[in-house]
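> First the structure, then my questions, so here it is.
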Amino acid sequence: QILMCPEHEMERVNMYCEICRRPVCHLCKLGGGHANHRVTTMSTAYKTLKEKLSKDIEYLISKESQVKAHITQLDLLLKETECNSERAKQEASQSFEKLYHVLEEKKSAALRAIETSKNIRLEKLQTQVEEYQGLLENNGLVGYAQEVLKETDPSCFVQTAKQLHVRIQKATESLKSFRPAAETTFEDFVVDTAKQEDILGDLSFHSNGLEIPEINEEQSRMYNKALICWECPGKTDSADIYVLEYHKLNKEDESVTWQKTEVCGKSKVLSDLDDDSSYAFRVRGYKGSICSPWSREVILRTPPAPVFSFLFDDKCGYNNEHLQLNPRRTSVESRAGFPLLLGSERLQVGCYTTLDYIIGDTGIAKGKHFWAFHVEAYSYLVKVGVVPSNKIQKLFHNTHDVTSPRYEQDSGHDSGSEDAFFDSSQPCTLVTLGMKKFFIPATPAAPKDPESRILPLPSCLGICLDCDRGRVGFYDAGCMKCLYECEVDCSGIMYPAFALMGGAAVHLEEAVTAKHREYHDDI
């Protein structure tokens, strides 16, 4: 049969298109769809393809023994798959049989306990019924008493009536204060299976192929929202999806209800957590119907109050000769340059350089608020706290805050308080940080030993201001532990206050946003 062109039915194919790998006619080459394609003659294509096909067939024939070996191996794999699937089914059935057995035992024990309690209660109630039936006329105790009253012999009557009277009195008291001998409800025998139902609901195949994820406590943050991050030890993302579960720790609640959320990545931002609460978190990976075991539970605590957002104020009292703000006004750094050296040249023995103050650009009038920040480890001296609006001017014009030994901590002078924090001339409430240390102010309640008032400086510090109670607390914001708390006058609008001297820097904690991790990953 002569092969004709499918596009030009009256033309025979006489060429071969090397691009499309199909026979074509001369019209296809001249003006058809193959005009710009590379073509060859049919005889050349015939010879070339025949040689390739012959070589390929010869190769397959030469590898016949290898093909047979592969077929044999595949047959074995088919049988092995059948055997392994049957074994897996048997093991799964045995696992469920064990669960059935445990449930049956628990069921039988519960039913036996209910039956035993029922019999005891019925016996008590039946005895009580018989006792009260004896109080009816012509029955039991009343009938016997009526017969005794018929006794005419005084000695016999007295001997019998004495014990009978005691029994009559007991029956009368019992009648006046009637109370069933047993409870009819079985509220103590209600089986709570909510926790077991949750566990059984998560029942699935565990595989050694999926790595157990680990929650990264250093990258995870609890601030205005919770950012939970995790990673796999092998640094490979073998799971298709992750399930993050969390619940609030509450000593009063015996049952635990885990809240669940599915995550495609390795982090999740949560915004529905309560303030001043501890939460447990755990995560597991899923690949199809196979899941990894749960990660180790990690407990994190939320801030003690809603997060207060502000920036450093670059107008009110800001000294741009000594302090430098970043463009976003979230970081401030003290610059110990030539102005500081020139100022020190005029100072004599017993005098010290002043602190440079900066406040937040937003004030607090009421309520409870929390904010956090980082102090660079190289910082020599930093003071942090709050200042009322009616003392801001005094704060920036008070040039004697640390210009005499009276206000220098551990100066060796006894002419005043060892800590400016509690001097009445100080316009604001501050604590001292520096040289990687946190200094608890000296108060009558504080330890006498100065060393016991010096704590390691946390990587992140927090301040909680409660205007309603007139209290301010200083926290380790990493674990939300209160390091120090004191009273504060909140009669005016309160502003976050910071003071720096020498080489020092403070960075405000950034708020957690829904796209925080995406931005971090891009960086």
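The values are calculated or read from the model by the stated rules, or taken from the named source; none is laboratory data. All of these numbers come straight from a predicted model, not from anything done at the bench. In this analysis, Cβ positions are derived from the backbone assuming ideal geometry, glycine residues included, and neighbour counts consider all displayed protein chains. Side chains are part of the model used for accessible areas, which takes the heavy atoms of the whole protein and leaves out ligands, DNA and RNA. Shrake-Rupley method; radii C 1.70, N 1.55, O 1.52, S 1.80 Å.
> Evaluate 2.2 N^0.38 Å with N set to the residue count of the stretch 1-143, then give the Cα radius of gyration divided by it. Let's see the in-between values first.
Working: Rg = 45.6 Å, N = 143, 2.2 N^0.38 = 14.5 Å.
Here the Cα radius of gyration is 3.14 times the empirical estimate.
> On to the next question. Please give the solvent-accessible surface of GLU115 in Å², to the nearest 10, using a probe radius of 1.4 Å with every protein chain present.
Looks like 80 Å² after rounding.
> Run the accessible area of the stretch 214-302 with a 1.4 Å probe and give the carbon-and-sulfur part as a rounded percent.
Values: 2030 of 4770 Å².
For the stretch 214-302, the apolar C and S fraction of the accessible surface comes to 43 percent.
> Given points 7 Å out from each Cα along the Cα-Cβ axis, report the LEU249 to GLU487 separation in nanometres with one decimal.
The two pseudo-label positions are separated by 3.3 nm.
> Turning to a different aspect of this structure: Trypsin sites (Lys or Arg not before Pro), restricted to the stretch 142-205: which are DSSP loop and have at most 15 other Cβ atoms within 10 Å? Mind showing how you got there, number by number?
Numbers: sites: LYS150, LYS162, ARG167, LYS170, LYS176, LYS195; in loops: LYS150.
Filter output for the stretch 142-205: LYS150.
> Would you mind giving the three semi-axes, in whole Å and largest first, of the ellipsoid equivalent to the stretch 214-302 according to its Cα gyration tensor?
Working: eigenvalues 104, 45, 24 Å².
Semi-axes, largest first: 23, 15, 11 Å.
> Within the stretch 157-195, what residues put their amide N at less than 15 Å from the label point 7 Å along the Cα-to-Cβ vector of THR116?
189
> Kindly provide the trypsin sites (Lys or Arg not before Pro) of the stretch 26-127 that DSSP labels as loop, not H, G, I, E or B, and whose Cβ sees at most 16 other Cβ atoms within 10 Å.
Numbers: sites: LYS29, ARG38, LYS47, LYS50, LYS52, LYS55, LYS63, LYS68, LYS79, ARG87, LYS89, LYS98, LYS106, LYS107, ARG112, LYS118, ARG121, LYS124; in loops: ARG38, LYS63.
Here the sparse-neighbourhood loop sites are ARG38, LYS63.
> With 24 Å as the limit, write out which pairs from LYS195/LYS225; LYS315/LYS481; LYS55/LYS79; LYS391/LYS448; LYS89/LYS287; LYS98/LYS195 have Cα-Cα distances beyond it, or answer none. It would help to have the intermediate numbers written out before the result.
Details: LYS195/LYS225 28 Å; LYS315/LYS481 33 Å; LYS55/LYS79 35 Å; LYS391/LYS448 31 Å; LYS89/LYS287 20 Å; LYS98/LYS195 19 Å.
In this structure, LYS195/LYS225; LYS315/LYS481; LYS55/LYS79; LYS391/LYS448 exceed 24 Å between Cα atoms.
> Hey, if we sort HIS34, HIS8 by accessible area with the 1.4 Å probe, largest down, what's the order? Can you show the working numbers first?
Values: HIS34 10, HIS8 55 Å².
From most exposed to least exposed: HIS8, HIS34.
> Between ASN390 and ASN319, what FRET efficiency follows from the Cβ-Cβ distance if R0 is 22 Å, with the result rounded to 0.05?
Numbers: r = 21 Å, r/R0 = 0.97.
The computed FRET efficiency comes out at 0.55.
> Using R₀ = 51 Å, calculate the FRET efficiency as 1/(1 + (r/R₀)^6) where r is the Cβ-Cβ separation of GLN73 and LYS195; round to 0.05.
Working from the Cβ atoms, E equals 0.60.
> Enumerate by residue number the trypsin sites (Lys or Arg not before Pro) in the stretch 273-310 meeting two conditions: DSSP loop (anything except H, G, I, E, B), and at most 14 other Cβ atoms within 10 Å of the site's Cβ. It would help to have the intermediate numbers written out before the result.
Details: sites: ARG282, ARG284, LYS287, ARG296, ARG301; in loops: ARG296.
Within the stretch 273-310, the qualifying trypsin sites (Lys or Arg not before Pro) (loop, at most 14 other Cβ atoms within 10 Å) are ARG296.
> Could you order MET10, MET4 so the one with the most accessible surface comes first? Probe is 1.4 Å.
Solvent-accessible surface, decreasing: MET10, MET4.
> Keeping every protein chain in place, order SER95, SER277, SER459, SER85 by accessible area at 1.4 Å, biggest value first, i.e. largest first. Kindly include the intermediate steps, with their values, before the conclusion.
Details: SER95 65, SER277 10, SER459 95, SER85 45 Å².
Of SER95, SER277, SER459, SER85, the descending order of accessible area is SER459, SER95, SER85, SER277.
> With the other protein chains left in place, how much accessible area per residue, in square angstrom, belongs to the stretch 214-302 at a 1.4 angstrom probe? Don't jump to the answer; show the numbers that get you there.
Working: 4770 Å² over 89 residues.
About 54 Å² of surface per residue is accessible.
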